[in-house]
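Report on one structure; see the data block that follows.
The values are calculated or read from the model by the stated rules, or taken from the named source; none is laboratory data. Here the structure is a predicted model, which means the values were calculated and not measured. All Cβ positions, glycine included, derive from the backbone under ideal geometry; neighbour counts span all protein chains shown.
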2 protein chains.
Amino acid sequence: MQTAKQLGERAIIEIIWKHLSKAPNMRVPLGDDVSAIECEGGAIAVLKTDMLAGRTDIPPQMSLWQAARKAVVMNVSDFAAKGVKPLGLVVSLGIPPDLTRKDIEQLAEGLNAGAREYGAFVLGGDTGETDDLIISVALYGSAGKKKLMLRSGARPGDILATTGQFGLSASGLKILMEKITTPPRIKGKLVDAVLMPRARLIEGLALARTGVVTASIDSSDGLAWSLYEIGRASNVGFLIDKPPIAPAASRFAITHRLDPVELAFYGGEEYELVVAVRPEGWRKAHEAGKLKSGRLIRIGKATEKKGILLKQKDETVEIEARGYEHFKQGGKRRND
Amino acid sequence: MQTAKQLGERAIIEIIWKHLSKAPNMRVPLGDDVSAIECEGGAIAVLKTDMLAGRTDIPPQMSLWQAARKAVVMNVSDFAAKGVKPLGLVVSLGIPPDLTRKDIEQLAEGLNAGAREYGAFVLGGDTGETDDLIISVALYGSAGKKKLMLRSGARPGDILATTGQFGLSASGLKILMEKITTPPRIKGKLVDAVLMPRARLIEGLALARTGVVTASIDSSDGLAWSLYEIGRASNVGFLIDKPPIAPAASRFAITHRLDPVELAFYGGEEYELVVAVRPEGWRKAHEAGKLKSGRLIRIGKATEKKGILLKQKDETVEIEARGYEHFKQGGKRRND
């Protein structure tokens, strides 16, 4: 019989879904970035859980403070993609017996920092002994009676946009894991993208208020995978004519003879939002995205034809449905 | 520097608390059975997370279906103790690479069964590769504008009661872990208490409605530990004159020359509710506890003098502040 390793994460998730009863009051389909149910009075409760496991998810250069903070940030990023403000979180901490008091303080401070950075609080949790460090965060928020930005509303002709550029994390991870030497000037920026990711919460909340976003997803599985997910959920394809490749990632690619498209589209562990916008609403969305921290970048458009095409100077290439393959053997692919 | 193993779970939790910012809208103190915050409009959102780790928390005779179900039930039990109906849950599943498709189906069905048994739904989650099986459940519910039953309201003179008798799980665990031979007639009941625990949700909801319960806690850390927690939070002691020892546990103790008080008070992994009730409200609480599944048992009373005393036929002994020590080495003590 097939093992989890052979099945892969996506097949595992589908097996699990098949065996679950569907809640009648769900306001977001299974498999979107968050879960949401309508409660008495019509308010929508929003939940998300995502877990970091030491051996597979935490690069050795990442401090425990950074790991704990990141465990919160990656959950906040999914809330950002749906335009929902996080209120509080609970955390299950699996602690290996040899962690020190100082380590535990770092974990607590990292969790707290991640929550406070986005206006939320750590409300409680559970700890137990595990062989490997486990940080499982469950985030809660209320969407009131507002509609959430789902993955499923993009239509042909919609403008495709992102809240930032890509390729920094993939480059940073290469520096950390493959010990590639890089000029300090760009190294800092690339490594920082891995160790101190930021969720686009302000941007997501502002975009949700415009009412012109037809589909939205976070990009933690990589840009290519996120485009496929949003395309599948919306039943459209995408044509990209301005690939959002970060200049620092391009420079890193040139220096080390790497493919910048590979770094930007297939890297993963990036926390930009990828959105589709009604063409007549672009101005409104673009204004909303103009924040201190960044701007909304138009990268292409939704097409009736399925699949993701990238138009470059002299050729058009197909972007593959490849997600983020984890940095360690075992081919773990991040869920969301 | 002290390690996690030397610190123990309770000290670890206190270290973590010290480093967390306190949410201004918390409606339950840190360390109670659940977390709760007041949201816009005054409704109280209730959250709980509790994790099972394969090596330390799952006896070898427990099926994956049972483990997944139990991971839900132990969270529901904390909701029961606060009188809150669970609505939905999200789950982080850490899956070892050699689990089979069948194993994964069992996990999904167990999660679903646990949720449906108590009227809740599995709403989503995250999966990833881990060395050991990890089932981290986060449960959500809304308490509306109702006051929750906390640990902290018991006053001297209040009646102390439980929703059932104790000692079955501790006996069952001995049968499973120490391979003690027992007549099949009682073995089934004892082992069932370990493999198929039940949360007292109906009882908790009914008791909350009476308005006469002054303090409430679930007993997953063991009866003795739960009494200490409720005593500490309420600033009272307890005198027990009718220890709630299950007849099957007594028989098991006699047969195997064990101490029934040890089994009933220090066993843990039981999911009865332990409550204090205003004396003039006892009749009301007792009526509410009269359900198909059981009844509310008066076991003693709250006293001004701190500490827990057990009055037996010819002597009064002190119940120690000992919690559940896990069945494997490492002395993991369950949090709640």
Let me confirm something: among B:Ile159, B:Ile135, which residue is in contact (Cβ under 8 Å) with a residue 60 or more places away in the chain and farther than 16 Å from A:Ile13 by Cβ? B:Ile159
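A quick yes/no check of all residues on (1) closer than 19 Å to B:Val191 by Cα; (2) touching a helix residue (DSSP H, G or I) at 6+ places or on another chain (Cβ under 7 Å); (3) in contact (Cβ under 8 Å) with a residue 12 or more places away in the chain; (4) hydroxyl-bearing (Ser, Thr, Tyr):
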position: B:Ile230; (1), (2), (3), (4): no, no, yes, no
position: B:Pro243; (1), (2), (3), (4): no, yes, yes, no
position: B:Arg251; (1), (2), (3), (4): yes, yes, yes, no
position: B:Leu273; (1), (2), (3), (4): no, yes, yes, no
position: B:Pro279; (1), (2), (3), (4): no, no, yes, no
position: B:Ala285; (1), (2), (3), (4): no, yes, yes, no
position: B:Arg298; (1), (2), (3), (4): no, no, yes, no
position: B:Gly307; (1), (2), (3), (4): no, no, yes, no
Residue by residue through the stretch B:177-195, note down the ones that are closer than 16 Å to B:Leu258 by Cα and within 20 Å of the chain's Cα centre (by Cα). B:Leu190
For B:Glu105, work out the one condition from (1) modelled with pLDDT of 95 or more; (2) of a type in the set (Asp, Glu); (3) more than 17 Å from A:Ser21 (Cβ to Cβ) it doesn't fulfil. (3)
Residue that is over 26 Å from A:Glu40 (Cα atoms), part of a strand (DSSP E or B), in contact with a helix residue (DSSP H, G or I) (Cβ under 8 Å, 6 or more places away or on another chain) and among the aliphatic types (A, V, I, L, M), where the choices are B:Met62, B:Met51: B:Met51
Just give me the residues in the stretch B:88-130 being facing chain A (nearest Cβ under 7 Å) and assigned to a helix (DSSP H, G or I), in sequence order. B:Arg101, B:Lys102, B:Ile104, B:Glu105, B:Ala108, B:Glu109, B:Asn112, B:Arg116
Can you tell me which of (1) more than 27 Å from A:Ile95 (Cβ to Cβ); (2) over 17 Å from the mean Cα position of the chain (by Cα); (3) more than 11 Å from chain B (Cβ to nearest Cβ) is the one A:Gln165 doesn't meet? (2)
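Just give me the residues in the stretch B:213-230 being among the aliphatic types (A, V, I, L, M) and not in a helix (DSSP H, G or I), in sequence order.
Residues of the stretch B:213-230 among the aliphatic types (A, V, I, L, M): B:213, B:215, B:217, B:223-224, B:227, B:230.
Selection gives B:Val213, B:Ala215, B:Ile217.
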Looking at the stretch B:133-157 only, could you name the residues that are closer than 30 Å to B:Lys301 by Cβ and touching a Phe, Trp or Tyr at 6+ places or on another chain (Cβ under 9 Å)? B:Ala154
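Among residues belonging to the stretch A:1-10 that are more than 14 Å from B:Gly125 (Cα to Cα) and more than 7 Å from chain B (Cβ to nearest Cβ), point out the one that is nearest to the chain's Cα centre (by Cα).
Taking the stretch A:1-10 and keeping what is more than 14 Å from B:Gly125 (Cα to Cα), we get A:1-8.
Cutting the leftovers down to more than 7 Å from chain B (Cβ to nearest Cβ) gives us A:6, A:8.
Values: A:Gln6: 24, A:Gly8: 19 Å.
Among them, the one singled out is A:Gly8.
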Would you please list the contacts, defined by Cβ atoms under 6 Å and residues six or more apart or on different chains, that run from a residue in the stretch A:172-194 that is at pLDDT 90 or above to a residue that is polar (S, T, N, Q) and surrounded by 16 or more Cβ atoms within 10 Å (Cβ to Cβ)? A:Ile175/A:Thr182; A:Leu190/A:Ser171; A:Ala193/A:Ser169; A:Val194/A:Ser169
